[in-house]
1. Can you name the condition, by its number, that Lys281 falls short on among (1) farther than 30 Å from Tyr39 by Cα; (2) without any contact (Cβ under 8 Å) to a residue 60 or more places away in the chain; (3) among the basic types (Lys, Arg)?
2. Hey, among Asp429, Asp435, which residue is at pLDDT 90 or above and under 28 Å from Thr193 (Cβ atoms)?
3. Can you name every residue in the stretch 58-106 that is among the acidic types (Asp, Glu) and closer than 24 Å to Gly148 by Cβ?
4. Can we say Glu392 is in contact (Cβ under 8 Å) with a residue 24 or more places away in the chain, charged (D, E, K, R) and farther than 30 Å from Arg88 by Cα?
5. When you scan the stretch 91-101, do you find a residue that is farther than 26 Å from Met256 by Cα and β-branched (Val, Ile, Thr), even just one?
6. Considering only the stretch 138-154, I want to know if a residue exists there that is more than 30 Å from Ser328 (Cβ to Cβ) and touching a residue at least 60 places away in the same chain (Cβ under 8 Å).
7. Looking at this structure, is Glu292 assigned to a strand (DSSP E or B) and assigned by TED's automatic domain parsing to the domain that holds Thr92?
8. What is the number of the single condition among (1) basic (Lys, Arg); (2) modelled with pLDDT of 95 or more; (3) in contact with a Ser or Thr (Cβ under 8 Å, 6 or more places away or on another chain) that Lys46 does not meet?
Amino acid sequence: MSNYYQKEIETASRDEIIRIQNEKLVKQVKRVYENVPYYRDLMDKKGVKPEDIKSIDDIKLLPFLSKADLRDAYPYGLLGTDIKNCVRIQSTSGTTGRRVVAFYTQHDIDLWEECCARAIVAAGGTNEDVCQVCYGYGLFTGGPGLNGGSHKVGCLTLPMSSGNTDRQIQFMMDLGATILCCTPSYAAYIGETLKEKGYKPEDNKLKAGIFGAEPWTEEMRRSIQESLGIKAYDIYGLTETSGPGVAFECEEQTGMHINEDHFYAEIIDPDTGEVLPEGSKGELVFTSLDKEGFPLLRYRTRDICVLSRKPCSCGRTHVKMSKPMGRSDDMMIIRGVNVFPSQIETVLLKEGYEPNYQIVVDRERNNDTLDVYVELSPDQFSDKIADIQNREKSLESAMRAMLGIGAKMHLVPPKSIARSEGKAVRVIDKRKLHD
C-alpha cells in the first residue's frame with residue numbers, strides 16, 4: 001500500500017497536472033520578465049513577450065539558461081524578487097570557481113521541504129521514524145533539504161551532517177535510526193565500518209535509505225541494501241532548482257518521479273537544443289514553475305536521461321526520469337561535489353604551472369579518489385624529491401580551497417603525459433558508474 005505526503009497532487013490526473021503547469025508557467029514568465037532584467041534581455045533578443053506564453057506548449061519559445069549564464073549573472077543578476085523577501089542562499093561550485101548562488105524566499109523553502117517530505121514518505125517514512133541526515137549542512141543543499149523534509153513528515157531528525165563516522169554509528173545504534181539520508185558512497189562506507197565493528201545488518205533498526213548527490217549503479221544499490229539491511233531509494237536535485245527533492249524514487253525503484261507541480265521537465269538534443277519526443281534519451285531541462293527567489297526558466301542541467309510516463313504501481317502520476325546516464329559537459333561528481341577540469345586548470349595557471357594535466361578518478365572501497373598529474377615545464381623540473389613533494393603539498397592545499405575536496409597532486413616530468421593525436425586525454429574516469 002502506497003503512502004503519500006500530498007496524495008491529491010501526487011496522484012492527480014494528467015489533465016489536472018497540465019492545468020496547474022499552464023497556470024503557473026504563464027504567471028512565472030510574466031514575473032521573471034518584469035523582475036529579472038538578465039532574462040528579459042534574453043527574451044527580447046529571441047523576440048518573445050510574456051503574452052506569447054499561453055500554456056506549457058509554448059515553453060519551447062523561451063530561451064535556455066545555462067551554467068555560463070549563472071556565472072555571468074553572478075551574484076544578483078538572476079534574483080527574481082526584492083532581496084528583502086529572500087531569507088537564505090544555498091550554493092554550489094561553478095565551472096571556474098565562481099560559485100552558483102541560489103536565493104530562497106520562505107515560500108521557496110516551504111515548497112522545497114515539501115518535495116523532500118514527499119521523498120521521505122515515498123521511502124516509507126512517517127512521524128514515527130528516526131531520520132538520520134548525514135548530507136553536508138551549510139551551503140550544500142543536501143543537509144538543509146532533507147532536514148526540512150524530515151521535520152515536515154514529523155520524523156525525529158538527527159542533523160548529523162557528513163563525516164565523523166564513529167559518532168554517526170553511535171547515534172544510529174543508540175537512537176535507533178530508521179531512515180538514513182546521505183551520499184551512496186558514504187552509505188557504503190557506513191556499511192563497511194559497521195561490519196568492521198562486528199555488527200550484522202540485522203543489528204541496526206534502519207529500514208530505508210535516501211541516497212543522492214552523486215552517480216551510483218544498481219550494483220552499488222544491491223551492495224548497500226545487503227550491507228545495511230535496507231531498501232535504498234534514489235533522490236535527485238540541483239542547487240539551481242532548489243536542491244534534492246526535484247525527483248525521487250518510490251518503492252518500484254524504476255526511475256524517479258519528478259514533482260511536476262513545481263518543476264517542468266523537457267528532454268532536448270544537447271547539440272541543437274531541439275525538444276525530443278517522449279522516451280528519447282537527451283539532456284534534461286528544468287523550469288521552476290513557482291520559485292520566487294531564483295526562478296530559472298529552461299535551465300540546461302547537462303544531465304543525460306530519459307523521461308517515462310509509463311503508469312507506476314505506486315499510484316503516483318508524475319513523470320519519471322531515469323538515473324542520469326552521463327553528462328553533456330565535462331563536469332565530474334566526486335564524493336558528492338561538482339568538479340570541473342576548468343577549475344583545476346584555473347588553480348594550475350594561478351600557481352604558475354602549464355595546463356598540461358590529466359585527471360584520474362577512481363573508486364576504492366566505495367570512496368571516490370581524485371588524482372591530478374601535472375607536467376612540469378623543463379625549467380620547473382627538479383630531481384630533488386623534497387622540492388617536488390613540497391610543491392605538490394602546496395598545490396594540494398590550493399586545489400582543496402578551489403574544489404572543497406582533497407585531490408592528490410602528482411608533479412611529473414615534461415612530456416610524460418601520453419598524447420593521443422596530439423591532444424591529451426584530460427579525464428580518465430575508472431569508476432564503474434553504469435551496469
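1. (1)
2. On the way: Asp435 fails: at pLDDT 90 or above.
Only one candidate passes the filter, namely Asp429.
3. Residues of the stretch 58-106 that are among the acidic types (Asp, Glu), as a first pass: 58, 69, 72, 82.
Across the stretch 58-106, the qualifying residue is only Asp82.
4. Values: in contact (Cβ under 8 Å) with a residue 24 or more places away in the chain: no; charged (D, E, K, R): yes; farther than 30 Å from Arg88 by Cα: yes.
When the stated conditions are applied, Glu392 does not pass them.
5. First pass over the stretch 91-101, keeping only residues farther than 26 Å from Met256 by Cα: 95-99.
Add one more test, that the residue is β-branched (Val, Ile, Thr), and what stays is 95-96.
Looking through the stretch 91-101, at least one residue is farther than 26 Å from Met256 by Cα and β-branched (Val, Ile, Thr).
6. First, the residues of the stretch 138-154 that are more than 30 Å from Ser328 (Cβ to Cβ): 147-148, 150-154.
Now drop any that are not touching a residue at least 60 places away in the same chain (Cβ under 8 Å), which leaves 152-153.
Scanning the stretch 138-154, I find at least one residue that is more than 30 Å from Ser328 (Cβ to Cβ) and touching a residue at least 60 places away in the same chain (Cβ under 8 Å), so the answer is yes.
7. When the stated conditions are applied, Glu292 does not pass them.
8. Here Lys46 meets the rest and fails (3).
The values are calculated or read from the model by the stated rules, or taken from the named source; none is laboratory data. Predicted model only: the values in this text are computed from it and were never measured. Reconstructed Cβ throughout: ideal geometry from the backbone, glycine too, with neighbour counts over all protein chains shown.
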